[in-house]
Amino acid sequence: MNKVFLLIVTLLALSSVALAQSEMAHARTDVFGSSSCMGCHGTSAMGGLGPPLAQTKLTEEEFVKTVRKGKGMMPPTPEAMLSDQDLRTAYAEVKSKPWDDTQIPLAYRVGSMLSTKVVARIFMVAGILSLLLSLWVLRYWVKLANLGKLRPALKRFGVGKAAFVFIRSLFVDGLFVASLWRTNRFRWAMHGLILYGFLGLGLADILMQINDPTRAKLPMDHPIKVFAVICGASVISGVFYVMFRYKTDKYVDNGVTLGRDFLFVNLLLHSIFSGFLTLTLSRTGAFTWVMPVYIYHLLTVLTLIVSMPFTRMNHIFVVPVMAGLTAVTDAIVKSGVEIAFDREPSPGRHHKSVAIAESVLKQVDPESAGEFRLRYYP
Ligand code: HEC
């Protein structure tokens, strides 16, 4: 028993010495293959996160200078990490490596087209498209609210005053979600996780753009980065709560939008999660995966932006506008400038629906007639 054990230990020791020796021999003849460069430039120097280096057209001096100074997403490599001599050996190695098109990773091909400028342009086009589609969707809802019939009354009420009521409602009902605050504080907070998390992410994005357009230099503990991470975590928690509600609330399915609701929630989850994953991968040095995950992240965010007007997410602009129109109609009715509204309050249908619901409740349950609140779509 003991002898067998000793034999195994001896064999293990011998083999590890042999391994170490072969590695040392390896290191001397293959600096590139055993350096950190390989992680980003690929095992055969045909690219990864960074460009291919095989058959490089750079001179030795340019090569050394680039590596010592760093470039774009590539951090500088000091002498302590890689001696000048080794670096020059690495240059000779990659220079003599064969150029093999088939070895260029797809992620690098796609990634090399995605400069900051190109990405910004793609997002601008997607943003404009999304805005136009949103206006189109909004037009449908505003038409249903019968804004045309409200117009004559608006003049008598005062357009300026109406604008004030409308804008005030955008903040109170839209941004601060007063209706949820009044009825259910918990759900208000859950809703806030997504709404305010999202707004925070947008704000962080703008601040980052101002602070450092290349976004390469911001350290992880920079206040803007920390703020963005907190907002992202907030949105993710909110999304999980929404998923939980879809599982447990039997009234959540309105019979029309369930599929689109799922699309929106899943796109949101994937885009935020892949964003976090991209950050984590590049911080932990798993460079092979950074570009594929980053491309996936861009694709999910793009899909989210363009599909937004047609998913449940459209309530971020439909609800505030409808609530604003309702507030204007209510104010007009209250002011009494339009007596027709007392008999037939058609514009801003909410007012009418409330009146009908009130009279129905008076019949079936007089005690609770005064204490109900109608929810409007969506
Ligand atoms: C974190 C990933 C990463 C590591 C590690 C890395 N690089 Fe890079 N490298 C890049 C990226 C990304 C670029 C492209 C930068 C740009 O053009 O904006 C690049 C560019 C270069 C260039 C310039 C290529 C050209 O044609 O302009 C050279 C040379 C280079 N790297 C050599 C090296 C060497 C040698 C090492 C190892 C000491 C190394 N890199 C390590 C990511 C990396």
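The values are calculated or read from the model by the stated rules, or taken from the named source; none is laboratory data. Keep in mind the model is a prediction, meaning the values are calculated, not measured. Virtual Cβ from ideal backbone geometry, glycine too; neighbours counted across all protein chains shown.
Values computed for the structure shown
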quantity: Segment 35-44, residues that are within 9 Å of the ligand (Cβ to nearest atom) and either crowded, with 17+ Cβ neighbours inside 10 Å or more than 23 Å from Asp100 (Cα to Cα) (or both); calculated: Ser35, Cys37, Met38, Cys40, His41
quantity: Helices (runs of 4 or more DSSP H) wholly inside segment 74-157 containing at least 2 residues that are under 30 Å from Tyr296 (Cβ atoms); calculated: 106-112, 116-144
quantity: Number of the exception - Met73 against (1) near the ligand (Cβ under 9 Å from one of its atoms); (2) of a type outside the set (Lys, Arg); (3) more than 25 Å from Arg283 (Cα to Cα); calculated: (3)
quantity: Pairs with Cβ under 6 Å, 6+ apart, first in segment 315-336 and among the hydroxyl-bearing types (Ser, Thr, Tyr), second assigned to a helix (DSSP H, G or I) and modelled with pLDDT under 90; calculated: Thr326/His350; Thr329/His351
quantity: Subset tally (residues that are of a type outside the set (A, V, I, L, M, F, W, C), under 20 Å from the mean Cα position of the chain (by Cα) and at pLDDT below 90) for segment 224-254; calculated: 1
quantity: Selection within segment 56-72 - assigned to a loop (DSSP other than H, G, I, E, B) and over 22 Å from Ser34 (Cβ atoms); calculated: Lys57, Thr59, Gly72
quantity: Single residue of Leu263, Leu325, Leu277, Leu267 found to be assigned to a helix (DSSP H, G or I) and within 30 Å of Pro51 (Cβ to Cβ); calculated: Leu277
quantity: Count of residues meeting criterion [under 15 Å from Ala54 (Cβ atoms) and either within 12 Å of the ligand (Cβ to nearest atom) or among the β-branched types (Val, Ile, Thr) (or both)] in segment 79-103; calculated: 7
quantity: Residue within segment 53-65 that is within 20 Å of Ile104 (Cα to Cα), under 35 Å from the mean Cα position of the chain (by Cα) and touching a residue at least 24 places away in the same chain (Cβ under 8 Å) present; calculated: yes
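Residue-wise test of (1) in contact (Cβ under 8 Å) with a residue 40 or more places away in the chain; (2) closer than 21 Å to Pro320 by Cα; (3) not assigned by TED's automatic domain parsing to the domain that holds Thr43.
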position: Met124; (1), (2), (3): no, no, yes
position: Tyr140; (1), (2), (3): no, yes, yes
position: Leu144; (1), (2), (3): yes, yes, yes
position: Ala153; (1), (2), (3): yes, no, yes
position: Arg156; (1), (2), (3): yes, no, yes
position: Ala163; (1), (2), (3): no, yes, yes
